[in-house]
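Have a look at the structure below before the remarks.
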């Protein structure tokens, strides 16, 4: 398989996003909502960057900072067929998940709706589905059963698993 530099960079970023995504799921299921919010923010930000690095040759990481709304707009304009893709605003409103989740600020709190995990799962799978190159990532290896503990966390109350497996064409290796 001939892997381009764009493919390699995408997988590096996707692996980072996947780790934060799994961490957000662990924290949320453990009712550690502030760390869950921060990890969700990091996961979404890294997946947006991965997707933009793959599709937009003019995308400059340093220019995007932590601006999820800005990256979301770029993605809608640059990734074919994604003009209606959306992320619930509470994930990036006033960058609270990025900052208030870690640093208390008078008069500012966090909104963690009951749909937090479902929303995060949907966003993650939608972003994964925007990139056709999916080779040997930590996500793929997890779905094959190479990282069993991570797979258990990923599967827990995750209605997006069938879509994720279908898109990636990955089945659990029964010999694990």
(request) Test residue 44 against the stated conditions and say whether it is surrounded by 21 or more Cβ atoms within 10 Å (Cβ to Cβ), under 10 Å from the mean Cα position of the chain (by Cα) and assigned to a helix (DSSP H, G or I). (result) yes
(request) Return the residue satisfying two criteria in turn: it lies in the stretch 113-135 and is at pLDDT below 95 and surrounded by 13 or more Cβ atoms within 10 Å (Cβ to Cβ), and of such residues it is farthest from residue 158 (Cα to Cα). (result) 133
(request) With respect to residue 5, determine if the residue is in contact with a strand residue (DSSP E or B) (Cβ under 9 Å, 6 or more places away or on another chain), more than 18 Å from residue 126 (Cα to Cα) and surrounded by fewer than 14 Cβ atoms within 10 Å (Cβ to Cβ). (result) no
(request) Would you be able to tell me the number of residues in the stretch 77-88 that are surrounded by 12 or more Cβ atoms within 10 Å (Cβ to Cβ) and not in a loop (DSSP other than H, G, I, E, B)? (result) 1
(request) Having 1 or more residues that are over 22 Å from residue 10 (Cβ atoms) and touching a residue at least 60 places away in the same chain (Cβ under 8 Å) is the bar; report the helices (runs of 4 or more DSSP H) wholly within the stretch 106-159 that clear it. (result) 116-128, 148-155
(message) Give me the residue from the stretch 49-76 that is closer than 17 Å to residue 129 by Cα and surrounded by fewer than 16 Cβ atoms within 10 Å (Cβ to Cβ) and, out of that set, modelled with the highest pLDDT.
(response) 76
(message) For the stretch 99-112, give me the residue count where each residue is over 28 Å from residue 155 (Cβ atoms) and out of contact with any strand residue (DSSP E or B) (no Cβ under 9 Å at 6 or more places or on another chain).
(response) 8
(request) Report whether or not residue 36 is crowded, with 20+ Cβ neighbours inside 10 Å and free of Cβ contacts under 8 Å to residues at least 60 places away in the same chain. (result) no
(message) Of the conditions (1) in contact with a strand residue (DSSP E or B) (Cβ under 9 Å, 6 or more places away or on another chain); (2) surrounded by fewer than 18 Cβ atoms within 10 Å (Cβ to Cβ), residue 96 satisfies every one except a single condition; which number is it?
(response) (2)
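The values are calculated or read from the model by the stated rules, or taken from the named source; none is laboratory data. All values derive from a computational prediction rather than experimental measurement. Neighbour counts run over all protein chains shown; Cβ positions are idealised from the backbone, glycine included.
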